[in-house]
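Everything on this sheet refers to the single structure shown next.
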Amino acid sequence: MKIPERILKKVEKPARYTGGEWGQVIKDKNAVDVRFAFCFPDTYEIGMSNLGLRILYHVLNSHEDTWAERAYAPWVDMEACMREENIPLWAHESGDPLKEFDILGFSVQYELCYTNVLNMLELAGIPLLSKDRDESFPVIMAGGPCTYNIEPIADYFDLCMIGEGEEVIEELVELYKEHKKKGFRKQAYLRDAAKIEGVYVPAFYEPTYNGDGTLASFRPIYDDVPVKINKRIVKDLNKSPFPTKLVLPFIQIVQDKITLEVYRGCIRGCRFCQAGMVWRPVREKTTDVLCEQAKVLADATGYDEMTLSSLSISDYSCIDKLTDELLQWTDERKISLSLPSLRVDSFTKELMEKISTVRTGSLTFAPEAGTQRLRDVINKNVRKEDLLRACRVAFEGGKTQVKLYFMQGLPTETYEDLDGIKELAESVIDEFYHTPNRPKKAPGVTLSTACFIPKPFTPFQWEAQCDMDELLARQKYLDGKIKDRKIKYNYHDAKVSRIEAVFARGDRKLNAALMEAHKRGLRFDGWDEHFNYEEWLKAFEAAGVDPSFYANRAFGEDELLPWDHIDIGVTKEFFLRERHRAYAETTTKNCRETCNGCGANRLGGERSCCPGLKK
Amino acid sequence: MLSGPQKIRVKFSKTGSLKFISHLDLNRTVKSAFLRSKLPIWYTKGFNPHPKTVFSVPLSVGTASLCEFMDFKITEAVPGEVICATLNSVFPDGLRAIEAYEPTSKFHDIGWADYEIRLEIANAETYVERVKSALNEPIVIEKTTKIGTRTLDVSPFVKVLSVTEENGELALRVKLCCDDANFVNPKYVIEFLTGKLGVPGERDDYSVCRTAVYREDGVTPFK
């Protein structure tokens, strides 16, 4: 800990910055070959909750010759102190400046943290652009969901890991060691790294554009660099690295509990959902392995809450067996079990009784759209009857509050669909009063709507986002419709969603806009108190890019997309097929019922529901 | 097996990173350490079982201590040394169990505490005499509580033990009252001094450590 105490005394939540937590890994820096720092471009509380980073921290630190540390975006009060006193951004474990490290690995989880990446580099005293960094600076890597379309921020990274990082990160560090031994040259390292499957070196590719601003071509500049970059996956999750010791924060973090990852991928095929596509194919852990891991984590952490993590937990093939076996000992150990991401069609009395130890009076479901027509368009495959049945189960079990998540501005959405949201909420209230053994308290429904954001690698990747006035009009419309005081309506800021949409489908021209935004002092865009839409518009203007081109334009089906050089296994043909089915209001069955030929089975994987898996 | 849960008091220190942990977060840290330790901690019955942990006089965030106390209950007899060793094996650095025993006193019996205050000032030695004489006069401070801000003289509740220059720092050892009514936060003494003496530099350039805790007489160590 090298931050002067007088600064720690001045800032909010100083324990964000001290390090020294239980479970942190300390090594002798002179005895290791590679110093790596995982950088999370948001606050400590959010970064510490990230499961991927916990796994990778464990993976790298299990090598004796590598020391992996952590760094987070300092909150604005700390940033002010650092700038005033010229304190460079440091790593938590050693307190050493990030500039002294060999490799910095940024975890890029959402578009709204891009400005924080730039700000962290600046605070570390590292040139922002990859081309301005020579061997005297750390190699800057990126991983995480945003790397599936990293183009808008590609100029700042030296290389990106596409897909699941457990294996590729070891290969990259191994390669770094080899290069370090023979005298490290950045270009030579990147050239060799680009040959590793799942590694994308943005500088080795050159885009050309058509007169209308769309991509004309996107090609590697060297012959030995792959034209398409394949996503990496861990084939057998049972054998995938699993952290046996976690860093335990002193202060409360967002996910302050044991997160037990049950499986990856999703059998559903919601047409707006990127996670459901990029994590394919589905790969499960066995119940035995999960129970064993749960015990190890409980012993190692002393947490009293455990959540089963996946994209849709009730779709785990052995969910009953798993919860039964866990409950055999969690009660005795004072650990409460929670199941997030429950689907209404799988929510049963038995399941609720199992998780009844959860100390909350509310349940959350995500119908996503207000009418059956629109739910068919997005392939949610949930019916109103399912929702009402699930609510009845909840009410009978003593719950009175239901939270419902929706999206507004979905493709083909009409005002009728918005009415549907209101009617669905009213039906839930009615259902409460029609439940004979309902609790004696008054019911409540909270509607939360997000704005639809077209994301790469989804059937809706070609769709335009509703323009801002229309989004606001729809929010206002729904707000005006809701008269029942038992129904509360919250909605996301359309301006934030628009910026997110710009960067989600952006190309390299946006790197300049990002630089402009950074120069205007923008950071923490995901935080209401720091988001500044007007400054963003000025940044786009200064960089000469039109945000509508990315957010509010329907991309052509024959257009070369900025992310077409990334291969996630699921094919573009599948997405097109699904898009057309959406417009025909036709649903697609889940992966357990039938194989829809998305292409992800090419990647292989153990305990999957895909037919014809490559072993 | 004990006939009922037995009360245990652990004396511990809170230094290093742990200085910056609030009272609430200390509670969480201890709670998870208890679960890791697998000691036979007694939990409250009911819907939300938790170990009933009670801490002595709370510390301000940023203040270190060599003499904190916490009480909890155990369901099986465990020797004090074993409790300390087990807790230390699961405590983060900066949190150290020193002693564990069955308590015979109440936290309410605590009346005074010693603090070591270190101020980083240029030419610290030139301040020694001035500080000594300043602390001999009425120590008038602004005390802010829930009911508002009062101006009062806390000199009856401040006993100066020593004022010296050590390694270029001004080291001040004081005994301050810490009963509920007349609690003197060490920061009041620092504010009084920096205001009175016009000490240059940042007011945040100081460190505070609670070094001992006494009963109401200010002489008998609290145990």
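Could you tell me whether A:I221 is over 21 Å from the mean Cα position of the chain (by Cα) and among the β-branched types (V, I, T)?
Details: over 21 Å from the mean Cα position of the chain (by Cα): yes; among the β-branched types (V, I, T): yes.
It is true that A:I221 is over 21 Å from the mean Cα position of the chain (by Cα) and among the β-branched types (V, I, T).
Go through (1) surrounded by fewer than 21 Cβ atoms within 10 Å (Cβ to Cβ); (2) part of a loop (DSSP other than H, G, I, E, B) and name the single condition A:M515 misses.
The single condition A:M515 does not satisfy is (2).
Quick check on region A:335-344: of everything there that is assigned to a loop (DSSP other than H, G, I, E, B) and within 14 Å of A:A294 (Cβ to Cβ), which residue is farthest from the other protein chains (Cβ to nearest Cβ)?
Of all residues in region A:335-344, those assigned to a loop (DSSP other than H, G, I, E, B) come to A:335, A:339-343.
Applying the additional criterion that residues be within 14 Å of A:A294 (Cβ to Cβ) yields A:335, A:339.
Details: A:I335: 8, A:L339: 19 Å.
Across region A:335-344, the extreme among qualifying residues is A:L339.
Hey, can you tell me all the residues within region B:16-43 that are at the interface with another protein chain (Cβ under 9 Å from one of its Cβ atoms) and closer than 13 Å to B:I83 by Cβ? If you could, list the steps in order and put the result at the bottom.
Residues of region B:16-43 that are at the interface with another protein chain (Cβ under 9 Å from one of its Cβ atoms), as a first pass: B:16-22, B:24-26, B:28-29, B:31-38, B:43.
Matches in region B:16-43: B:A33, B:F34, B:S37, B:K38.
Could you tell me which numbered condition B:N88 fails, if it satisfies all but one of (1) within 14 Å of chain A (Cβ to nearest Cβ); (2) touching a residue at least 24 places away in the same chain (Cβ under 8 Å); (3) of a type outside the set (K, R)?
(2)
Mind listing just one residue for me: the one in region A:1-57 that is more than 14 Å from chain B (Cβ to nearest Cβ) and small (G, A, S) and, of those, surrounded by the fewest Cβ atoms within 10 Å (Cβ to Cβ)? Reasoning before the result, please.
Of the residues in region A:1-57, the ones more than 14 Å from chain B (Cβ to nearest Cβ) are A:27-43, A:46-47, A:49-57.
Next cut, small (G, A, S) only: A:31, A:37, A:47, A:49, A:52.
Values: A:A31: 9, A:A37: 27, A:G47: 24, A:S49: 19, A:G52: 17.
Once the filter is applied, the top-ranked residue is A:A31.
Only one of (1) crowded, with 18+ Cβ neighbours inside 10 Å; (2) in contact with a strand residue (DSSP E or B) (Cβ under 9 Å, 6 or more places away or on another chain) is not met by A:L327, so which one is it?
Unmet condition: (1).
Scan region B:18-54 residue by residue and report those that are out of contact with any strand residue (DSSP E or B) (no Cβ under 7 Å at 6 or more places or on another chain), assigned to a loop (DSSP other than H, G, I, E, B) and not β-branched (V, I, T).
Scanning region B:18-54 gives B:S22, B:K38, B:K45, B:G46, B:F47, B:N48.
Need at least 2 residues that are touching a residue at least 40 places away in the same chain (Cβ under 8 Å) and in contact with a Ser or Thr (Cβ under 7 Å, 6 or more places away or on another chain) per element, so show me which helices (runs of 4 or more DSSP H) inside region A:79-196 make the cut, counting only ones lying wholly within it.
Details: elements: A:114-124, A:165-181, A:186-193.
The qualifying helices (runs of 4 or more DSSP H) are A:165-181.
Output the residues belonging to region A:246-284 that are at pLDDT below 95, surrounded by fewer than 19 Cβ atoms within 10 Å (Cβ to Cβ) and out of contact with any strand residue (DSSP E or B) (no Cβ under 9 Å at 6 or more places or on another chain).
Hits for region A:246-284 are A:Q252, A:I253, A:V254.
Name the residues in region B:44-63 that are buried (at least 16 other Cβ atoms within 10 Å of the Cβ) and either of a type outside the set (G, A, S) or more than 10 Å from chain A (Cβ to nearest Cβ) (or both), would you?
Residues of region B:44-63 that are buried (at least 16 other Cβ atoms within 10 Å of the Cβ), as a first pass: B:51, B:53, B:55-57, B:59, B:61-63.
B:P51, B:T53, B:F55, B:S56, B:V57, B:L59, B:V61, B:T63, listed by residue number.
Considering only residues of region A:572-615 that are loosely packed, with under 12 Cβ neighbours inside 10 Å and modelled with pLDDT under 95, which is farthest from A:I378 (Cα to Cα)?
The extreme case among them is A:K615.
Is it the case that some residue within region A:68-89 is of a type outside the set (K, R), more than 30 Å from A:H530 (Cβ to Cβ), in contact with a Phe, Trp or Tyr (Cβ under 9 Å, 6 or more places away or on another chain) and surrounded by fewer than 21 Cβ atoms within 10 Å (Cβ to Cβ)? First the steps, then the outcome.
The initial filter retains those residues of region A:68-89 that are of a type outside the set (K, R), namely A:68-69, A:71-82, A:84-89.
Subsequent filtering for residues that are more than 30 Å from A:H530 (Cβ to Cβ) retains none.
No, that holds for no residue.
Consider A:S130 carefully, then state whether it is surrounded by 20 or more Cβ atoms within 10 Å (Cβ to Cβ) and either of a type in the set (G, A, S) or closer than 25 Å to A:V76 by Cβ (or both). Spell out the reasoning first.
Working: surrounded by 20 or more Cβ atoms within 10 Å (Cβ to Cβ): yes; either of a type in the set (G, A, S) or closer than 25 Å to A:V76 by Cβ (or both): yes.
Taking the combined requirement at face value, the residue satisfies it.
Out of all the residues in region A:311-330, is one or more within 14 Å of chain B (Cβ to nearest Cβ), without any contact (Cβ under 8 Å) to a residue 40 or more places away in the chain and over 30 Å from A:L603 (Cα atoms)? Outline the logic, then answer.
Our first condition is that a residue be within 14 Å of chain B (Cβ to nearest Cβ); within region A:311-330, this holds for A:329-330.
Pick out the ones that are also without any contact (Cβ under 8 Å) to a residue 40 or more places away in the chain and you get A:329-330.
From the residues that got through so far, the ones that are over 30 Å from A:L603 (Cα atoms) too are A:329-330.
Scanning region A:311-330 turns up at least one residue that is within 14 Å of chain B (Cβ to nearest Cβ), without any contact (Cβ under 8 Å) to a residue 40 or more places away in the chain and over 30 Å from A:L603 (Cα atoms).
Hey, among the residues in region A:174-196 that are among the hydrophobic types (A, V, I, L, M, F, W, C) and surrounded by fewer than 22 Cβ atoms within 10 Å (Cβ to Cβ), which one's nearest to A:L561 (Cα to Cα)?
Checking each candidate, the answer is A:A194.
Within region B:93-123, which residues are crowded, with 20+ Cβ neighbours inside 10 Å and more than 15 Å from the chain's Cα centre (by Cα)?
B:A100, B:L119, B:I121
Enumerate the pairs (first residue in region B:154-174 and farther than 15 Å from B:E120 by Cα; second residue anywhere and modelled with pLDDT under 90 and among the acidic types (D, E)) with beta-carbon separation below 6 Å, excluding pairs fewer than 6 apart on the same chain, so at least 6 apart or on different chains.
Pairs found: none.
Condition check: in contact with an Asp or Glu (Cβ under 7 Å, 6 or more places away or on another chain) and farther than 26 Å from A:F365 by Cβ. Does A:I429 satisfy that?
Details: in contact with an Asp or Glu (Cβ under 7 Å, 6 or more places away or on another chain): yes; farther than 26 Å from A:F365 by Cβ: no.
Criteria not met by A:I429.
The values are calculated or read from the model by the stated rules, or taken from the named source; none is laboratory data. Bear in mind the structure is a predicted one, so any value in this text is a computation, not a measurement. Cβ: placed from backbone, ideal geometry, glycine included. Neighbour counts: every protein chain shown.
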